1. Of the conditions (1) over 22 Å from the mean Cα position of the chain (by Cα); (2) farther than 28 Å from Ala328 by Cα; (3) of a type in the set (Val, Ile, Thr), Val188 clears all except one; give me its number.
2. What's the number of the only condition in (1) part of a helix (DSSP H, G or I); (2) without any contact (Cβ under 8 Å) to a residue 40 or more places away in the chain that Ala348 fails to meet?
3. Those residues that are within 17 Å of Arg206 (Cα to Cα), open to solvent by 10 Å² or more (accessible area, probe 1.4 Å) and not in a helix (DSSP H, G or I), I need them from segment 306-344; list them, please.
4. Kindly provide the set of residues from segment 37-76 that are β-branched (Val, Ile, Thr) and either within 21 Å of Leu126 (Cα to Cα) or not in a loop (DSSP other than H, G, I, E, B) (or both), ordered by number.
5. State which residue is most open to solvent (accessible area, probe 1.4 Å) when the search covers only segment 77-107 and only residues that are in a helix (DSSP H, G or I) and in contact with a Gly (Cβ under 8 Å, 6 or more places away or on another chain).
6. Scan segment 319-352 for residues that are more than 19 Å from Val226 (Cβ to Cβ) and of a type in the set (D, E, K, R) and jot them down.
7. Could you grab me the full set of residues in segment 312-364 that are β-branched (Val, Ile, Thr), within 30 Å of Lys166 (Cα to Cα) and in contact with a Leu (Cβ under 7 Å, 6 or more places away or on another chain)?
8. Quick one: in segment 160-187, which of the residues that are without any contact (Cβ under 8 Å) to a residue 24 or more places away in the chain and not in a helix (DSSP H, G or I) is nearest to Ala84 (Cα to Cα)?
Amino acid sequence: MICLSKELEISLAHDWLVGLRGGEWVLDRLAQLTGPTRLYTMVSDGRPLTDAIDACQILTSSLQRLPGATGRMRRWYLPLMPRAVSQMKVTNCDLLISTSSAFIKSIPLQEGTPHLCYCHSPARYLWEQTEEYGAGKGGRLRSMGLGLMGPRLRSWDKRTSSRVTKFLANSQHTAKRIERCYGRKAQVCYPPVRVDYFTPDFSVERQPWWLVVAALEPYKRTELVVEAARRAGFALKVAGSGSQFEQLKSQAPDNVEFLGRVSDQRLRELYRQAKGLIFPQLEDFGIIAVEAQATGCPVLAFGGGGALDIVTSQTGWLFEDPTAIDIARAVEAAADDPRDSEACVSNAQRFRPEVFDQSIAQAV
């Protein structure tokens, strides 16, 4: 593995440390590349994440002291985040590398200190998916708040993007959004995916059911796949938890099974067994889609966002409209148009961690 910190004092920054998802796996790889270092974040709930992240010196913002800021109350503190980030002090640093889909990219630095930002997305709830983030419990109040505060927050977000020296984007889709929101060019650097863990087992026979793996939140569009399964009658397993879990489970037909949160080992088994992964959401990248392909599992995805960087005509299918009817039709069409598992595995190798390491080293 490349070591980036032999000659430079490199610090890291990440929006918040409250779970282990795609953004945290990128942070984990960066922490491995830099070695234990200072890690700036708005809030941390203190739970262990990975060995490399946990070895860092974690420095939090003033939000850390507010009630519930490390839990579900965090989103309600959105108006306070710009001030909290702007008050953070980065010291003894030759280079800052941030990973951000919110505000940590705007952390101020001493004049002349370069800042490399790996941007998962400009804040979606500010710039695009405001309606979807207004869904669910408390959604109407959140929508009202975003309506009132949105213009000021977007202005601050765009203005302080100048604090970044160079942007890296996780997909072509994100690079275009960075240019649209911030007026900045971004180099595409695909995130590292654990393709050495999510491996195929061609001795395992694929089963006649489809799979969804997602946080069960409105913007993931899982309800569309459940409705498609109701309409078309195909068997579906849903792995994941979130605010929509109980609602979706209570309304699901008998051919849909909700598994809740599953371990990595169980997830690998599901990928190896599923007829295909259904990926209905508009994602900035889509690490789950790569994990599935690494096991030989084809992907049926909405034809937009990061899926266009991942799914090829040999490794999956794309549907045009994010509706239950379109998904149902795509599932039925896929039955007569199979994909090659070995092609899926080969395609996934483009997203190996070693490829990410080289791209980061070149950017540094």
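1. Failing condition for Val188: (1).
2. For Ala348, the exception is condition (2).
3. Hits for segment 306-344 are Ala335, Asp336, Asp337, Pro338, Arg339, Asp340.
4. Once the filter is applied, which keeps residues that are β-branched (Val, Ile, Thr) and either within 21 Å of Leu126 (Cα to Cα) or not in a loop (DSSP other than H, G, I, E, B) (or both), segment 37-76 yields Thr41, Val43, Ile53, Ile58, Thr60, Thr70.
5. By that ranking, first place goes to Pro79.
6. Glu320, Asp336, Asp337, Arg339, Asp340, Glu342, Arg350, Arg352
7. The answer is Ile360, Val364.
8. Arg184
The values are calculated or read from the model by the stated rules, or taken from the named source; none is laboratory data. Quantities reported herein were computed from a predicted structural model and do not represent experimental measurements. Backbone-built Cβ (ideal geometry, glycine too); neighbour counts: all protein chains shown. Surface accessibility is based on the protein's heavy atoms, side chains included, excluding ligands, DNA and RNA. Shrake-Rupley method; radii C 1.70, N 1.55, O 1.52, S 1.80 Å.
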